[in-house]
Amino acid sequence: MEKTFTRLYNGAAFCANCANCPVVDLMLEDGMVRLSDPAQPERGSFAMTAEEYNTLLKNAKSVE
């Protein structure tokens, strides 16, 4: 059975020449957040809980 998800972020929406833009999906069944690059699925993905993801967003510093 394929999991259902909500796309939280699609890097392609912010990149003019996007070839390898990341996406962030919330897996609805288990509340896990997955970061991945659809253009390079062989590189895998990174998963964390929604709570961990929200903590990351709240506390991460911007890279300039």
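A compact table of results
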| item | result |
| --- | --- |
| Where a residue in region 26-45 is in contact (Cβ under 8 Å) with a residue 40 or more places away in the chain and its partner, wherever it lies, is exposed (fewer than 13 other Cβ atoms within 10 Å of the Cβ) and assigned to a loop (DSSP other than H, G, I, E, B), with Cβ under 9 Å and at least six apart | none |
| Matching residues in region 35-55 - criterion: being closer than 21 Å to Asn20 by Cβ and either charged (D, E, K, R) or more than 11 Å from the chain's Cα centre (by Cα) (or both) | Asp37, Ala39, Gln40, Pro41, Glu42, Arg43, Gly44 |
| Hits in region 20-34 - residues which are acidic (Asp, Glu) and more than 10 Å from the chain's Cα centre (by Cα) | Glu29, Asp30 |
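Read-outs throughout are calculated quantities, based only on the coordinates presented, and are distinct from any laboratory measurement. Predicted model, so just to flag it, every value in this text is computed and none were measured. Quick reminder, even Gly has a Cβ in these numbers, built from the backbone with ideal geometry, and neighbours come from all protein chains shown.
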